[in-house]
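One structure is given below, encoded as structure tokens.
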């Protein structure tokens, strides 16, 4: 028996502000979130929250770590995980939260963090590691 949905607090219905980005449900549906550490999940949520409409933000490592109650090395590890998963691009000092849509095949490999599956094409190191550890999709 399915639970009927009903708004619990109608005066507080959440609306996504136009100036800020939002969380894509495909993070859960496609299993992206389950492959991330808690630190990487926290950093991703933080970046989605503070990024502009293009997914860009430039918080320093020290400030982001302080706001997330984590040490800077843990934040750097979380950032590497997000980059390897193709969810975030980073070039000091700028972060970009990436679309979950598969990029066009015409994009240069340096711009595309999504794994490519064609013959002889580049594959992200995160995808190689996932496959090696038995998590191939």
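Values quoted throughout were computed directly from the atomic coordinates according to the rules given, and no laboratory measurement underlies them. The structure presented is a predicted model; accordingly, all values stated were derived computationally and were not measured. When we count neighbours, we look across all protein chains shown, and the Cβ atoms used for this are built from the backbone with ideal geometry, even at glycine.
In this rough spin-label picture, where each label sits 7 Å from Cα along the Cβ direction, the residue 8-residue 24 distance is 2.8 nm.
How would you classify segment 12-83 from its alpha-carbon gyration tensor, with a ≥ b ≥ c the square roots of the eigenvalues: rounded for a/c under 1.5, else prolate if a/b is greater than b/c, otherwise oblate? Show your work: numbers first, answer last.
Details: a/c = 1.96, a/b = 1.25, b/c = 1.57.
Oblate, because a/c is 1.5 or more while a/b does not exceed b/c.
Peptides 81-92, 3-14 ranked from most to least packed, by the mean per-residue count of other Cβ atoms within 10 Å: 81-92, 3-14.
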